[in-house]
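What follows is a short report on a single structure.
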Amino acid sequence: MIYLDHQATTPCAAQVVEAMLPYFSARFGNPSSRAHGVGLAAAAALERARADVAACLGGDPSGLVFTSGATEADNLAILGVARACATRGRHIVVSSIEHSAVQAPAAQLEREGWRVTEVRPDRVGRITPEALAEALQPDTTLVSVIAAHNEFGTVQDLAALAEVAHQGGALFH
């Protein structure tokens, strides 16, 4: 089989399967159930995994949240940040080429009274820093731009776009 959509899903690496196998059978447990040994062991394993991933990313383990997938992560980021920052402003900016996992929470915010501005890409599918800067408003709290488009392969200049968003006082996703 030739599979060309590895951005959507990929086979699990053999090392990951090997590391996880005990937790699918002999060492299963609910890490939130800390009233017994099985739950405590699961919680400890989860915290080790969190520390390992944070070390790979150069981040703080306490800031790492595991989700079941990209849609849940996008919803958590967009709805969570917007609602947490609502007192700063009720405007977000997304690109017009976003995945439905970003379009859906943006539409939800719009139904809740937020203003959503969509930035159109240039002819090769890139969001330019200039176009983003034009879309920002004084009450913009969040900018969301897809890193690599899953249908036409455009890779965005995230560093440049994040700089524009941050200069405008917005968070960047």
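Numbers below:
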item	result
Any hit, the stretch 37-55, residues being in a loop (DSSP other than H, G, I, E, B) and either aliphatic (A, V, I, L, M) or open to solvent by 40 Å² or more (accessible area, probe 1.4 Å) (or both)	no
Filter result for V81 (part of a helix (DSSP H, G or I), in contact with a Leu (Cβ under 7 Å, 6 or more places away or on another chain) and open to solvent by less than 50 Å² (accessible area, probe 1.4 Å))	yes
Selected residue (criterion: farthest from A101 (Cα to Cα)) from residues of the stretch 58-77 that are open to solvent by less than 80 Å² (accessible area, probe 1.4 Å) and not in a helix (DSSP H, G or I)	G58
Selection from the stretch 1-18 of residues that are modelled with pLDDT of 90 or more and either part of a loop (DSSP other than H, G, I, E, B) or among the hydrophobic types (A, V, I, L, M, F, W, C) (or both)	C12, A13, A14, V16, V17
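The values are calculated or read from the model by the stated rules, or taken from the named source; none is laboratory data. Quantities reported herein were computed from a predicted structural model and do not represent experimental measurements. Ideal geometry is used to build each Cβ from the backbone, glycine not excepted, and the neighbour counts take in all protein chains shown. The accessibility values were calculated without ligands, DNA or RNA, using every heavy atom of the protein model including side chains. Shrake-Rupley method; radii C 1.70, N 1.55, O 1.52, S 1.80 Å.
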